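What follows is calculated from the coordinates using simple rules that are stated; it is not laboratory data. These numbers come from a predicted model, not from an experiment. Neighbour counts are summed over all protein chains in view; Cβ atoms, including those assigned to glycine, are modelled from backbone coordinates with ideal geometry.
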Amino acid sequence: MLTPLLDLLAPPGCLACGEPGRSPLCGACRRDLRFLNDSGPCPRCALPRRPGGTHHHCPAADAPWRLAWAPVAYTGPATRLVAALKYRGALPCARLMAAQVVAGAPPGLLGPAATLVPVPTHPGRTRRRGYDQADVLARAIAARSGIPVVRCLKRTGAGAVRQQGAGRAERLEAGRIDLRLTRPPPSHVVLVDDVHTTGATLRAAAARLREAGAADVVAVTWARTL
Ligand SMILES: [Zn+2]
Ligand SMILES: [Zn+2]
């Protein structure tokens, strides 16, 4: 509801740095975005791999998704764009991010059987801002790709999520993430969030969807924390 208003208030310049007259990104911010496909990212954790194609300790080796992918690294202008998605000009930012997701997605990731499921933000934050950034991003990806969106996850606050096999820190973090299903999940889920950091929220969401019968879950974010 607030999104059109926020769009009107967004300055007509670079979405990341505010440079006037350069929309959606100025040359410097465009140049400084680090695209991860160039590094042959790991299909499990979405992190760049070392030269030679391996990395020794994949943090997502036991993750409940089939693969995870993000077009850009969460550094430099990407951090400012994510802040802009959250706090101002949500729709132009989401459109730019969606274009990069759809253009760069590995083959089969956004296939015809897929359904986009946004990872819900904590309800308190959504209430304060008036919108949920993952939901805005999922709708922008849907508009560009034709893939439907189903909002079947709801975040309710404190509570326990079983995270067998996850690292201790991630398990502790996931233990504070309470996600409920509001309807049966689609069979081929593309989880959508803005940033993949520890992966705890994505793990909790993917585990919920798998437990409820989703046959395939992949995780797509616009940015990946290195
Ligand atoms: Zn800029
Ligand atoms: Zn990995």
Worksheet entry | Inter-label distance, nm, simple model (7 Å from Cα along the C-beta direction), residue 19/residue 226 | 2.0
Fill in: Separation in nanometres of the label points that stand 7 Å from Cα toward Cβ, at residue 87 and residue 145
2.9
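Give the shape of region 27-92 as rounded, prolate or oblate, defined through the alpha-carbon gyration tensor: a ≥ b ≥ c are the square roots of its eigenvalues, a/c under 1.5 means rounded, and otherwise the shape is prolate if a/b is larger than b/c and oblate if not.
Values: a/c = 3.14, a/b = 1.67, b/c = 1.88.
It is oblate, given that a/c is not under 1.5 and a/b is not larger than b/c.
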Worksheet item: Expressed in nm to one decimal, what extension gain is obtained for the pair residue 50 and residue 75 from 0.36 nm per residue of sequence separation less their Cα-Cα distance?
Response: 7.2 nm
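Given a Förster radius of 35 Å and the C-beta distance between residue 39 and residue 180 as r, what FRET efficiency does 1/(1 + (r/R0)^6) yield to the nearest 0.05?
Taking R0 as 35 Å, the efficiency between residue 39 and residue 180 is 0.45.
With the Cα gyration tensor of region 177-226 giving a ≥ b ≥ c as the square roots of its eigenvalues, does the rule (a/c under 1.5 for rounded; else a/b larger than b/c for prolate; else oblate) give rounded, prolate or oblate? Write down the numbers at each step before the final one.
Working: a/c = 2.41, a/b = 1.68, b/c = 1.43.
Since a/c reaches 1.5 and a/b is larger than b/c, the shape of region 177-226 is classed as prolate.
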